[in-house]
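All remarks here apply to the structure that follows.
The values are calculated or read from the model by the stated rules, or taken from the named source; none is laboratory data. What you see is a predicted model, and the numbers here were worked out from it, not measured in a lab. Here the Cβ is made from the backbone with ideal geometry for all residues, glycine too, and neighbour counts use every protein chain on show. For accessibility, only protein heavy atoms count, side chains too; no ligands or nucleic acids. Shrake-Rupley method; radii C 1.70, N 1.55, O 1.52, S 1.80 Å.
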Amino acid sequence: MSFIHESVIYNIYPLGYCGAPKENDFVQSYRLDKIYDIIDHLKSMSVNAILFNPLFESSRHGYDTIDYKKVDSRLGDNESFKKICKTLHENGIRVMLDGVFNHVGRDFWAFKDIQEKKWDSPYCGWFQNLNFGGNSPYGDPFWYEGWSGHYDLVKLNLKNPDVVNYLLDAVNFWIDEFDIDGLRLDAANVIDFDFFGKLKGLCRSKKPDFWLYGEVVGGDYSRWANDQMLDSVTNYECYKGIYSSHNDHNYFEIAHSLQRQFQNGGIYQNIYTYNFVDNHDVNRIASDLRDKNHLYNVYTMLYTMPGVPSVYYGSEYGIEGRRTRESDYDLRPCLDLNNVPNANYQLCDHISRLGKVRLALEALKYGKFENVNIMNEKLVYKRFTDNQTVFIMFNLTDHEERVGFDSRCNAKLTDVLNGNEVFDCNGWCELPVPAYSTRILVVNDGSFKLNTEAETKTAPIEKQETVKEEEVTLGKYRHFKGGEYEVIGFAKHTESGEKLVIYRSLNNENDVWARPYDMFKETIWHDGKQIKRFMKF
């Protein structure tokens with residue numbers, strides 16, 4: 001089990017964030033050291049993982065790599081970045097990098113060798129479909145394949161063992177020297193599947209909880225995210241569904257996607273998707289929304305849906321930016337995140353509270369998903385585990401609405417997002433939800449409270465030994481939340497054939513449960529540590 005279930009990610013495009021020259025002048029500058037100035041801001045948002053888009057040496061935008069083992073001179077050097085990684089880890093923030101392994105820039109050393117030596121270069125086999133039967137669009141006396149028709153991005157031949165070994169050696173370098181915790185795989189949808197398997201084997205041998213996710217815009221996510229390849233992918237389906245369902249006042253759209261992906265029988269129940277509402281390739285969410293009042297509901301949805309939430313730098317303050325046919329630089333501005341012009345501090349505070357709520361609630365991090373009540377402008381869904389149930393209510397109208405749903409319980413509901421307001425619930429509930437607003441309701445006995453104003457405290461990231469998974473046998477087990485149970489047998493699911501553990505509560509013999517065998521025996525991340533879900537005693 002990866003640390004990602006316990007994470008809130010912050011995504012930075014370093015060259016833009018640092019105001020680096022658009023063309024690499026190769027003048028050594030330590031612009032990325034400005035990251036030190038925002039650590040307190042990140043911690044106030046409960047951020048405990050940061051994704052840096054490309055920071056390897058490149059000619060222009062970062063995706064045209066020159067040197068895979070060197071920090072871009074516009075940002076710093078290897079030693080300065082080591083200090084950044086160490087400081088982030090000391091503050092409880094993991095580090096993930098953008099791995100651009102599908103293509104390189106025209107200034108990449110092996111490509112330059114071919115330009116110089118032509119067919120005598122030993123690197124002719126390093127690039128996809130390179131041949132000397134014609135000229136390239138740049139006037140080279142040879143042809144090669146560019147990524148998606150962009151000939152400044154030279155596609156690598158990932159069927160060549162020398163290329164694969166070269167890239168794996170680079171990844172090994174970043175893990176050993178910088179102790180990175182994960183990789184985003186750029187253009188994953190067009191990368192050779194065999195490469196992913198080899199990459200995963202290397203990363204897991206170095207760090208068992210290393211996290212790999214791929215940039216995949218469409219298609220069946222399970223083709224890339226599975227036991228043999230990547231851990232996750234970018235959830236572009238829900239990215240689109242979130243903003244368009246608010247723009248069109250049609251919650252049926254996003255509810256359909258969430259149900260299709262995550263509800264019982266959903267096709268991606270086993271994928272912990274990377275969720276986002278904007279990034280360096282698409283319009284800022286504040287520009288995409290027709291009514292900026294919907295920003296609050298959008299982020300509540302991002303933080304409460306299955307998968308891990310990621311915030312793109314500056315969007316917590318509601319900044320705008322649109323991609324044009326000519327340029328996408330407006331999506332990647334230089335910012336002082338402690339002094340953002342026209343900042344929406346109310347939105348930032350809302351997102352900060354969401355971070356605290358998410359990391360405090362087991363159901364939001366690990367729970368299953370179920371739609372409860374879907375209407376055009378109102379939505380209720382729930383997240384739930386054996387130990388906790390949370391209902392999330394949405395009202396996207398410009399006025400207060402009473403929203404009803406069947407809770408299937410007789411209990412108290414505590415709204416942890418809005419001052420721990422408590423409601424009595426006996427089956428059917430109908431509660432007021434203010435305009436452009438949400439409620440996050442925890443089912444409990446009335447004693448549950450959550451302080452979303454408290455300062456976030458994060459423990460340093462320490463290297464840990466992997467907790468060994470052991471076979472489940474009959475006997476008594478203690479759940480990591482404290483409940484005690486007895487495994488009384490095993491069964492097979494009638495539809496899927498999946499092996500199940502049958503266990504009963506030691507406090508109430510009438511409570512008998514069934515849980516997938518692999519889930520029962522797995523290890524999880526809890527409070528920054530890797531522990532067993534059930535420990536035998």
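Data overview
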quantity	calculated
Pairs with Cβ under 6 Å, 6+ apart, first in the stretch 256-285 and hydroxyl-bearing (Ser, Thr, Tyr), second open to solvent by 10 Å² or more (accessible area, probe 1.4 Å) and at pLDDT 95 or above	Ser257/Glu237
Pair list, Cβ under 8 Å, 6 or more apart: the stretch 487-510 residue touching a residue at least 24 places away in the same chain (Cβ under 8 Å) and among the polar types (S, T, N, Q), other residue surrounded by 10 or more Cβ atoms within 10 Å (Cβ to Cβ) and outside any strand (DSSP E or B)	Asn507/Gly483
Residue check, Val104 buried (at least 18 other Cβ atoms within 10 Å of the Cβ), in contact with a Cys (Cβ under 7 Å, 6 or more places away or on another chain), under 22 Å from His61 (Cα atoms) and of a type outside the set (Gly, Ala, Ser)	no
Selected residue (criterion: farthest from Met45 (Cα to Cα)) from residues of the stretch 281-329 that are in a loop (DSSP other than H, G, I, E, B) and of a type in the set (Val, Ile, Thr)	Thr324
Any pair with Cβ under 7 angstrom, 6 or more apart, that starts in the stretch 221-239 at a residue that is of a type in the set (Phe, Trp, Tyr) and ends at one that is part of a loop (DSSP other than H, G, I, E, B)	Tyr221/Tyr268; Tyr221/Ile271; Trp224/Val216; Tyr236/Val217; Tyr236/Gly218; Tyr239/Phe276; Tyr239/Val277
Residue in the stretch 409-420 that is surrounded by the fewest Cβ atoms within 10 Å (Cβ to Cβ), counting only those that are in contact with a strand residue (DSSP E or B) (Cβ under 7 Å, 6 or more places away or on another chain) and farther than 12 Å from Phe448 by Cβ	Asn410
Selected residue [modelled with pLDDT of 95 or more and either crowded, with 16+ Cβ neighbours inside 10 Å or of a type in the set (S, T, N, Q) (or both)] from Gln259, Gln228	Gln259
Inter-residue pairs, beta-carbon under 9 Å, first hydroxyl-bearing (Ser, Thr, Tyr) and in the stretch 357-383, second modelled with pLDDT under 95, 6+ apart	Tyr366/Ile524
Looking only at the stretch 107-122, and only at residues there that are among the aromatic types (Phe, Trp, Tyr) and surrounded by 18 or more Cβ atoms within 10 Å (Cβ to Cβ), the one that is farthest from Asp179 (Cα to Cα)	Phe111
Strands (runs of 3 or more DSSP E) enclosed by the stretch 364-448 - at least 2 residues per element that are within 23 Å of His246 (Cα to Cα) and either aliphatic (A, V, I, L, M) or under 24 Å from the mean Cα position of the chain (by Cα) (or both)	368-374, 378-384, 389-395, 421-433, 437-444
Of all residues in the stretch 336-356 being closer than 17 Å to Val277 by Cβ and either of a type in the set (A, V, I, L, M) or touching a Gly at 6+ places or on another chain (Cβ under 7 Å) (or both), the one that is most open to solvent (accessible area, probe 1.4 Å)	Asn344
Ile271 under 24 Å from Asp349 (Cβ atoms) and β-branched (Val, Ile, Thr)	no
Counted residues, the stretch 31-56 - those being in a loop (DSSP other than H, G, I, E, B) and closer than 18 Å to Leu97 by Cβ	5
Subset tally (residues that are modelled with pLDDT of 95 or more and open to solvent by 30 Å² or more (accessible area, probe 1.4 Å)) for the stretch 307-329	2
Any hit, the stretch 518-531, residues being assigned to a strand (DSSP E or B), open to solvent by less than 40 Å² (accessible area, probe 1.4 Å) and at pLDDT 85 or above	no
Only listed residue being crowded, with 21+ Cβ neighbours inside 10 Å, touching a residue at least 24 places away in the same chain (Cβ under 8 Å) and closer than 24 Å to Glu316 by Cβ, chosen from Gly99, Gly16, Gly76	Gly16
Extreme residue, most open to solvent (accessible area, probe 1.4 Å), among residues of the stretch 421-478 that are over 30 Å from Gly489 (Cβ atoms), aliphatic (A, V, I, L, M) and at pLDDT below 85	Ala459
Output for the stretch 1-56, where each listed residue is aromatic (Phe, Trp, Tyr) and either in contact with a Ser or Thr (Cβ under 8 Å, 6 or more places away or on another chain) or closer than 20 Å to Asn78 by Cα (or both)	Tyr10, Tyr13, Tyr17, Phe26, Tyr30, Tyr36, Phe52, Phe56
